[in-house]
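Please read the structure below before turning to the comments.
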Amino acid sequence: MIIHIVERRVWEQAQQSGEYRAASLASEGFMHCSRPEQVLAVANRFYGSVPDLLLLWIDPQRVSAPLRYEANDGEIYPHVYGALNLDCVIRVGEFAPDVDGVYRTLN
């Protein structure tokens, strides 16, 4: 299982269009994902001030775009090199920090 953090409004737009494209796909050529054990660190590092987030739980075997596991900051992260087909998302969960602004649990 891999996970992608997304703003709710962006995910809702993706459902209308039939595929999901993170902004990083245009700017970096791939979409960032994480393994479950990496999500909290990623969220606390990059999403502290971003409201209304969701977690997309993705079955990597159902991703139709190329999926590569690549090194970054001393860890291996999954990267999706293309639009994400919506049927690979097996669960969507609410994702909010605790009252002190720190992400501690996955939903």
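So that you can scan it fast, the table gives a plain yes or no per residue for (1) touching a residue at least 60 places away in the same chain (Cβ under 8 Å); (2) over 21 Å from Gln15 (Cβ atoms):
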residue	(1), (2)
Asp52	no, no
Leu55	no, no
Asp59	no, no
Tyr69	no, yes
Asn72	no, yes
Ile76	no, yes
His79	no, yes
Ala83	yes, no
> In region 67-89, is there at least one residue being at pLDDT 95 or above, at positive phi and more than 11 Å from the chain's Cα centre (by Cα)?
Replying inline: yes
>> I'd like to verify a number: residues in region 50-72 that are part of a loop (DSSP other than H, G, I, E, B) and of a type outside the set (A, V, I, L, M), how many?
In response: 5
>> Go through region 22-42 and report how many residues are of a type in the set (A, V, I, L, M) and out of contact with any strand residue (DSSP E or B) (no Cβ under 6 Å at 6 or more places or on another chain).
In response: 4
> So which residues in region 74-91 are aliphatic (A, V, I, L, M) and out of contact with any Lys or Arg (no Cβ under 9 Å at 6 or more places or on another chain), if there are any at all?
Replying inline: Leu86
> What tally of residues in region 3-49 results from selecting those that are over 13 Å from the mean Cα position of the chain (by Cα), assigned to a loop (DSSP other than H, G, I, E, B) and more than 20 Å from Arg91 (Cβ to Cβ)?
Replying inline: 3
> Which members of region 54-95 meet the condition of being more than 16 Å from Met31 (Cα to Cα) and in contact with a strand residue (DSSP E or B) (Cβ under 7 Å, 6 or more places away or on another chain)?
Replying inline: Ile90, Arg91, Val92, Gly93, Glu94, Phe95
> Could you say whether any residue in region 33-50 is in contact with a Phe, Trp or Tyr (Cβ under 6 Å, 6 or more places away or on another chain) and not small (Gly, Ala, Ser)?
Replying inline: yes
>> Can you say whether Gly93 is in a loop (DSSP other than H, G, I, E, B) and either of a type in the set (Gly, Ala, Ser) or modelled with pLDDT of 95 or more (or both), as far as the supplied structure shows?
In response: no
> For region 9-32, does any single residue satisfy the condition of being in contact with a Pro (Cβ under 9 Å, 6 or more places away or on another chain) and of a type in the set (Lys, Arg)?
Replying inline: no
> Can you name the residue in region 1-38 that is polar (S, T, N, Q) and out of contact with any helix residue (DSSP H, G or I) (no Cβ under 8 Å at 6 or more places or on another chain) and is also surrounded by the fewest Cβ atoms within 10 Å (Cβ to Cβ) among such residues?
Replying inline: Gln16
> Would region 45-61 turn up any residue that is farther than 17 Å from Met1 by Cα and among the hydroxyl-bearing types (Ser, Thr, Tyr)?
Replying inline: yes
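The values are calculated or read from the model by the stated rules, or taken from the named source; none is laboratory data. Since the structure is predicted, the reported quantities are computational estimates derived from the model, not experimental observations. Don't worry about glycine lacking a Cβ; one is built from the backbone with ideal geometry, like all the others, and counts go over all protein chains shown.
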